[in-house]
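Just below is one structure, and these are the notes that go with it.
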Amino acid sequence: MKIFARDVPPRAAWALEQAGVHPLLARLYAARGVSTRDELDDGLARLLPPTALKGTQDAAVLLADAIRDGKRMCVVADYDCDGATACAVAVRGLRLLGAQHVGYLVPDRVVDGYGLTPPIAQRVKDSGAEVLITVDNGIASVEGVATANALGLQVLVTDHHLPGAQLPAASVIVNPNQPGCTFDSKSMAGVGVMFYVLLALRSELRARGIFDQAAQPRLDALLPLVALGTVADVVKLDVNNRRLVAQGLRRIRAGAMPVGVAALFKAAARDARVATTFDFGFALGPRINAAGRLDDMTLGIECLLSDDPARAAELAQRLDGINRERREIEGGMREQAMLIAESLFDEDADGQEQPPPAIVVFDPDFHEGVVGIVAGRLKDKLHRPTFVFAASQAPGKEHELKGSGRSIPGFHLRDALDLVAKRHPGVLSRFGGHAMAAGCTLDEEHLATFEEAFMQVAQEWLDAATLMRRIDTDGPLAPEYRRADLVDTLHAEVWGQGFAPPMFSEEVEVLSQRLVGEKHLALKLRHQGQPVDGIWFGHTEPLPARVKLAFRLDADEWQGVKRVRFLVEAAEL
């Protein structure tokens, strides 16, 4: 483990300070590529215009015509938090804009698999719908769209995933990553794409005289859902995504949110009045995702769609219970997966056990709904591209294995799968994903071939520098910034993927250390000559008397007094 400090462009930091930004925030922002105060303006007027996103105008016309003609619409969602929030945004938004008949359908992870498949298209047709709208999926659903077309359905694909070699023959595609789209925010989540379609639709309806600027429906009520889905999907928080998230957070903190979101905050024991991106990523998002992993994502979508506080509270409690079950299953799987992974270690020249360049793990008892989380945990611990497989639970497909992978910087997971598929045709039944997360399906008889091929790609692509775990920080923390009010200031900002939360690093003196709860290290530290508490969650190994730590700032309250403490993330030993 090596701890590095980010470069801080001095001119950018100075310019931000001169523009009135707090000196600490100016330094943090400059290190993350922000150079002007304008980039920090999160006003709605600063959002990229919907007209810049290819397909939105055609989508607006299609939907406006469907509303005019009273056509029935069906939203086909994905079974993760981005898909659930995108579905809720679509259904709520279309109803706000005058659609009378809007339903939704979410595939079952086990039975249906991912995306718009031909059987899903048939179910949409059987529901009586005439217009099929995908959210957070569809760009790879060539066969499903073809089936929908043959059934006489109009298909609008809204997605953000990378397209394959062939695009589906949908009536309209809205996806910032489709060929020919020059939209500046390529990292928008599926929920953001659907929100932009609604903005374009409202503009089209205004142009048709359905309502004027003063009387038009307020789509900003959907921004809490957009913010939640964007953060939970771990997309890069570029400037446009940060604006969407900031706007959603602002409304949540003011109490203006769907009752289902409020119920989820309560179920997670989080305070919506001081909501943060952390709440989205680690409290609300996992509770919604748990429904798609272990049960039925309809529960999550219904919670987000409900306007009845009692019903929303009941659904949020059920989601909380499912999430507890997910954590129990994950804990057992993680321990078993780590044992399997450790069996793959080899001794290096110094006699130290080292993991191979990539990790592939399978156990017949693994639950397919949790393999992605476990892959992420192994990747974090071992710093290797990791795939975890489980046997399919779908009837008649017991021979299939479902795999989910997570990667490290410098190793593009989907490209790696593409190379495996080219070198070994027929081994992968299906695959897709992004640079850092991907999934695939294969027959169990091909697992050994996949493992060998995936390992080979890792050996070719990964060098010692990439395999060395590094942690980027914001360097030393000046003692005058070790204040509880500044902790609150930092927490209130929008941080996340591609715009990392502040983390500091420097050498400190360890005054005392003890285990709490048998798995956390409680610390008394001396920082810049002053004592400060610290805690390292999930770490039990003792630290030397002087050590370089990477830490986040936190504040805990005792008898009404707030005190700063360091949340340790890593040590350079």
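No value in this document is a laboratory result; all are computed from the given coordinates. Model, not experiment: these values are computed from the prediction. For neighbour counting, all protein chains shown are included, and Cβ atoms are generated from backbone atoms with ideal geometry for every residue, glycine included.
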Practice problem: Evaluate the relative contact order of the chain (contact order divided by residue number), counting alpha-carbon pairs under 8 angstrom at least 6 apart; express in whole percent. | Solution: 12
Self-check item: Percentage relative contact order, the stretch 358-404, counting C-alpha pairs under 8 Å, at least six apart
Solution: 42
Self-check item: Cα-based shape type of the chain, given that a ≥ b ≥ c are square roots of the gyration tensor eigenvalues and the cut on a/c is 1.5
Solution: oblate
Quiz item: If each residue's Cβ is checked for other Cβ atoms within 10 Å, how do 127, 185 rank with the fewest at the top?
Solution: 127, 185
Exercise. Quickly work out the residue 485-to-residue 465 label distance, labels modelled 7 Å from Cα along the C-beta direction, and quote it in nm with one decimal.
Key: 4.4
Exercise. Just rank 172, 374, 131, 76, fewest to most, by other beta-carbon atoms within 10 angstrom.
Key: 172, 131, 374, 76
Quiz item: Could you give the length gained on full extension between residue 567 and residue 213, defined as 0.36 nm per residue of separation minus the Cα-Cα distance, in nm?
Solution: 122.6 nm
Quiz item: Can you flag which of 379/524; 2/54; 54/236; 186/548; 71/422 are past 32 Å Cα-Cα?
Solution: 2/54; 186/548; 71/422
Quiz item: Among 468, 503, what is the fewest-to-most ranking by other Cβ atoms within 10 Å?
Solution: 468, 503
Practice problem: Check the straight Cα-Cα distances from residue 562 and name the aspartates and glutamates below 13 Å, setting aside those fewer than 8 residues away within the same chain. | Solution: 485, 488, 533, 554
Quiz prompt | Sequence-distant residues sharing a close amide H with residue 101 (under 5 Å, placed H) | solution = 73
Exercise. Could you rank the peptides 448-461, 23-36 by their average count of other C-beta atoms within 10 Å per residue, with the highest value first?
Key: 23-36, 448-461
Quiz item: Residues with amide H under 5 Å of residue 430's amide H, sequence separation 5 or more or different chain, H placed in the peptide plane at 1.01 Å from N; which?
Solution: 441
Quiz item: By average Cβ neighbour count within 10 Å, what is the ranking of 298-309, 58-69 from highest down?
Solution: 298-309, 58-69
Quiz prompt | FRET efficiency estimate (nearest 0.05) - Cβ-Cβ, residue 181 to residue 8, R0 35 angstrom | solution = 0.55
Practice problem: Read phi for every residue in the stretch 465-477 and hand back ³J(HN,Hα) as whole Hz from Karplus 6.51 cos²θ - 1.76 cosθ + 1.60, θ = phi - 60°, with x for Gly and Pro. | Solution: 5, 5, 7, 7, 5, 10, 10, 8, 10, 9, x, x, 9
Practice problem: Given the peptides 423-433, 83-93, arrange them by the average over their residues of other C-beta atoms within 10 Å, most packed first. | Solution: 83-93, 423-433
Practice problem: Scan around residue 547 for amide H atoms under 5 Å from its own, H built in the peptide plane at 1.01 Å from N, and keep only partners 5 or more places away or cross-chain. | Solution: 508, 510
Quiz item: Among rounded, prolate and oblate, which fits the stretch 45-322 when a ≥ b ≥ c are the square roots of the eigenvalues of its C-alpha gyration tensor, a/c under 1.5 means rounded, and a/b larger than b/c means prolate?
Solution: rounded
